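Comments concern the structure below.
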């Protein structure tokens, strides 16, 4: 099944699955099960687009991003980047592809080497990939990247611990841009920052997308940030995508019961409006990915569930133009 738009897809994910084996035993280890972190995911990202991937903690968002970058070899499925299935590439074949795909990590404190100066951190991928062998030109490129990301070029001689969280994240963005990539995975790129700094970094990411014609997979749980930055949004629950649509369409007209519960949980900043709301959270707790429910994974918590939801796994279906939902009870 393809969930493609009218534009040219840069990335196409088909039936992606990532299962982590569970073993027990000390002297003799044996497999006793799997953690189904990602379990059959389909989506496309068009060139120049930002796709938001949202959901509760532990739903498989980060694992999906890691599989796309081939930091993890997926258990099953295809990951087509510009027509090439990178899920089957070997290490040597991946080297050239890695220049075109980069990542901005969640934690700006742990993602930078504390023993390296900022200039060396940003220059490292340029040096490793042999993009610019001349040291003087490499230093000039590093200063240019710092300036592009809103930092003083003099920061090249600073260590990460001498900078604030927002400045460190800008260094991480500069490092991601060092190889002139086409596609960047932003893995909770602003969640560790103060709200005022979040806004600055989100605006920076948006400016960089337009300036360098970048394509983003924006993994987040802050729905207000997603609405500001993304063109389309995919909602993930327990390793599966349950709804995907244009950003405004999904926020204004959510169809899947889980998406409705997710949006209803967002507090309203006006206390008078908040006091009149009748929010009903989804009942129960998120099931274990080791033993997910049969059929629709959301049916134990769903207010619309019927007996058939326990048996049949609903596929993503286009119920409205470019609005895909995995629910047999929504029409």
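Rule-based calculations on the coordinates, nothing more; no lab input. For clarity, every value in this text was computed on a predicted model and none was experimentally measured. Positions of Cβ are backbone-derived with ideal geometry, glycine not excepted, and every protein chain shown enters the neighbour counts.
Stretched out fully, how many nm does the piece from residue 159 to residue 304 gain, at 0.36 nm a residue minus the Cα gap? Don't jump to the answer; show the numbers that get you there.
Details: separation 145, 0.36 × 145 = 52.20 nm, distance 5.38 nm.
46.8 nm is the gain from fully extending residue 159 to residue 304.
For the pair residue 47 and residue 312, how long in nm is the line joining their label points, each one 7 Å along Cα→Cβ?
3.9
Among 63, 75, 276, whose mean-square fluctuation peaks in a Gaussian network model of the chain (Cα, cutoff 10 Å)?
Maximum fluctuation in the GNM of the chain, among the listed residues, is at 276.
Give the relative contact order (percent, whole number) for segment 95-224; include only Cα pairs under 8 Å separated by 6+ residues. Display every interim value, and only then the final one.
Numbers: 186 pairs, mean separation 44.5, N = 130.
Rounded, it is 34 percent for segment 95-224.
Viscosity 0.692 mPa s, temperature 37 °C: what is the translational diffusion coefficient of the chain from Stokes-Einstein with a Kirkwood Rh over Cα pairs, rounded to a whole number of µm²/s?
Working: Rh = 21.3 Å.
Rounded, D is 154 µm²/s.
Measure nothing but the geometry: give the 0 to 90° angle between the long axis through the Cα atoms of 165-177 and the longest principal axis through the Cα atoms of the chain, rounded to 10°.
Relative to the chain, helix 165-177 is tipped by roughly 80 degrees.
If r is the Cβ-Cβ distance from residue 115 to residue 212 and R0 is 25 Å, what FRET efficiency results, to the nearest 0.05?
Values: r = 30 Å, r/R0 = 1.19.
E(calc), rounded to 0.05, equals 0.25.
How high is the relative contact order of the chain? Use alpha-carbon pairs under 8 Å, at least six apart in sequence, and give a whole percent.
Numbers: 614 pairs, mean separation 63.2, N = 331.
The value is 19 percent.
Please report the projected area of segment 147-244's Cα convex hull averaged over all directions, in nm². Let's see the in-between values first.
On the way: hull surface 28.6 nm².
Value for segment 147-244: 7.2 nm².
Tell me the relative contact order for segment 111-180 as a rounded percent, counting alpha carbon contacts under 8 Å between residues six or more apart. Mind showing how you got there, number by number?
On the way: 81 pairs, mean separation 32.4, N = 70.
Result for segment 111-180 is 46 percent.
Quick one: what Rg and Dmax do you get for segment 1-137 from the alpha carbons, in Å?
Considering segment 1-137 through its Cα atoms, Rg and Dmax are 18.1, 55 Å.
Rg to Rh for segment 65-133: what is it, with Cα atoms only and Rh by Kirkwood?
Details: Rg = 14.2 Å, Rh = 13.9 Å.
My calculation of the ratio gives 1.02.
Rounded to whole Å and ordered largest first, report the semi-axes of the equivalent ellipsoid of segment 26-70 derived from its Cα gyration tensor (root of 5λ). Intermediate values should be presented prior to the final figure.
On the way: eigenvalues 184, 28, 17 Å².
Output for segment 26-70: semi-axes of 30, 12, 9 Å.
Calculate the radius of gyration of the Cα atoms of segment 9-87 to one decimal place, then report Dmax, the largest Cα-Cα distance, as a whole number, both in Å.
In Å, with Rg to one decimal and Dmax whole: 14.6, 52.
Using only alpha carbons, build the gyration tensor for segment 111-180 and give me the equivalent ellipsoid semi-axes, biggest first, whole Å.
Values: eigenvalues 65, 28, 23 Å².
The three semi-axes for segment 111-180 are 18, 12, 11 Å.
Rounded to the nearest 5, what % of the DSSP beta bridges within the chain are antiparallel ones?
Working: 31 of 48 bridges.
Here the share of antiparallel DSSP bridges comes out near 65 percent.
What is the Cα coordinate range of segment 172-331 on the first, second and third principal axes, sorted by size from largest, in whole angstrom?
Computed over the Cα atoms, the extents are 53, 40, 34 Å.
Using only the alpha carbons of segment 249-295, what is the convex hull's orientation-averaged projected area in square nanometres? Mind showing how you got there, number by number?
On the way: hull surface 19.1 nm².
Mean shadow area of the hull around the Cα atoms is 4.8 nm².
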